[in-house]
Each structure stands twice: as C-alpha cells, then as structure tokens.
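We did not get these values from a lab; they are worked out from the coordinates using the rules stated. Fair warning: this is a prediction, and the values are worked out from it, not measured in the lab. Methodologically, a virtual Cβ is constructed for each residue, glycine included, from the backbone with ideal geometry; neighbour enumeration extends over all protein chains shown.
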Amino acid sequence: MPIIKTEGLTYVYGEGTPFCKTAVDNVDLEIDEGELVGIIGHTGSGKSTLIQHFNGLLKPTSGKVFIDGEQLWKDKSRLRDIRFKVGLVFQYPEYQLFEESVYKDIAFGPKNMGLSDSEIDKRVRESMRMVGLSEDIMEKSPFELSGGQKRRAAIAGVMAMDPKVLILDEPASGLDPKGRDAILAQIREYHQQKKNTVMMVSHSMEDIAKHTTKILVMNKAKVFCYDTPVNVFHRSKELEQMGLAVPQITRVFNRLKAAGVPIEDDVYTVEFGKKLIMRLLENR
C-alpha cells in the first residue's frame, strides 16, 4: 500500500475570480513507503502546491489525497492525527525558529503531540544527532546559531516528530557548497536509518540525481513522470525542452555518445561516469 496516494488531485488558486489559476491539475500519484523522492520542475510547475496537500495545509479543489491509506479531509476529527504522519520543512525553515532555546524549539512539535517528557527528550537528542548538532548548544538561543546550524535545528524540529513522511522544500537553498553537501548527506543518512519516506524539492539536478531513489517531475501543473533517476534522465532532451537543466555530467556523456563513443548507459552522477570511463579505457 502506498504511503501517499492522490486521485485526480486538482487545486485552483482564486477559483471563481478573474485571477484563477490551476496550480495542480488532475494528478494521480502513488508513492511507496521508504522511498527517497526528489521533486523537480521549473518555477510555477506546481511542486510546492502539491506537497502542501500532503499534510493538509491545502484542501483540494477536487480529487482525493490518501496518507497511509486514510483519506485526508474525509473526517475532520482525524485531520490532526493524519497530519502528524507528514512532516513538512519549508524553504528557509530557520525563519520559523521562535523559542528561547534550541532544545525548546526542537521539542515544540513532540510536545504538541502529547508525548511524555522522557520521550520528548529522547527525540530531541536523537534528531540533533541526526542533523549534526552537538548537545552543548541545547540551551543556546537559536538566534545565536550560524545559518547552517539554524537550518539544522529547524529540520531537527520536524524530524523529532518522527513523521512517516518527511518533506523538505529546497533544504539546501542559500547554503554554501560545503553546507549544502553536509545537509543533503545528513538527510540521506536519516532516510537510511529511519527507513521512512523522504521527499525533497530541489532546483539542483545534481543533488536530486545523487541522493534520490525516485524522481517526480512536475510540468505545467501536471506530473510529467515519476520514475527512477536512470529512467528520468534517459529523457534528458524532453527535460531540457521544458526548461530543466539536466546534470552537467549527463550533458557531457550525451555529447560523447553523439560523437560516437560507445556508451550505452545513461549517466547522471559523476561517480558512475568515472566508473564508465575507466571501464571503457580498460577494454581498449
């Protein structure tokens, strides 16, 4: 059974006004439990609107959303419990920090879930460890932290709720290359340890190619495709036609193939490209 399922999901902004716009158009989608999904698409493709339906921030104009087999919005008395299954980290989540200490900020979500003090403490410490924050900053004000630490603290606050699905909207946005690589590596480690479903919106094809098991491509409010990275980047020409920049390594190997180099595989990571070149050189 899929952890997330949509049937004919449609959302229209400003319905009934001259400014109405369909942001998500008749989307049928099934996301299996345990996947690490990358979501890509140009600005205005419907990515952010789509993910906001998964924890009930937006109510569909039409269609249905199912979380762990339960339909959102069918029974409003169940809405709060279903929402706890999906943790959503917005872009620049550090702007949402507000408590007087890092500990209290990370504990805010678990406390609202009605957990015991001992369970809250356990979750705070575990989530801090997962995002690479040392316990000696627990009593610091979150506003004393560096930009990267604030980002980690905000993500830890959602992880501490132990959602079945963790969704991150541009988690590496605005970070320097070192900070971006660190955040993405920690998200991947979290996925490997918890075995939960993780969804990550990103404009970086390189990041999506390197870290995900499935890729969802949105285009003009519809799902263009949802498949493995190798199958998605096999359609690199179509992606480029819709304004998406495929990984640089993919473009390089596409040119090599066009020049007659005997490359059969689709290359979307530098590491795989390196292995392929070494294999070709050994067979000369």
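Structural remarks
- Among the candidates V198, V158, residue that is outside any helix (DSSP H, G or I) and of a type in the set (V, I, T): V198
- Tally, over the stretch 222-250, of residues that are of a type in the set (G, A, S) and either surrounded by 22 or more Cβ atoms within 10 Å (Cβ to Cβ) or free of Cβ contacts under 8 Å to residues at least 60 places away in the same chain (or both): 2
- Breaking point among (1) surrounded by fewer than 17 Cβ atoms within 10 Å (Cβ to Cβ); (2) more than 25 Å from H53 (Cβ to Cβ), for N254: (1)
- Scope the stretch 103-155; condition hydrophobic (A, V, I, L, M, F, W, C) and assigned to a helix (DSSP H, G or I); matching residues: I106, A107, F108, I120, V124, M128, M130, I137, F143, A153, A154, I155
- Verdict on G34 being free of Cβ contacts under 8 Å to residues at least 12 places away in the same chain and assigned to a loop (DSSP other than H, G, I, E, B): no
- Annotation: of all residues in the stretch 248-277 being touching a Leu at 6+ places or on another chain (Cβ under 7 Å) and among the β-branched types (V, I, T), the one that is farthest from M205 (Cα to Cα) is I263.
- Any hit, the stretch 209-222, residues being part of a helix (DSSP H, G or I) and of a type outside the set (G, A, S): yes
- Every residue from the stretch 26-83 that is β-branched (V, I, T) and closer than 22 Å to M1 by Cα: V27, I31, V37, I39, I51, V65, I67, I82
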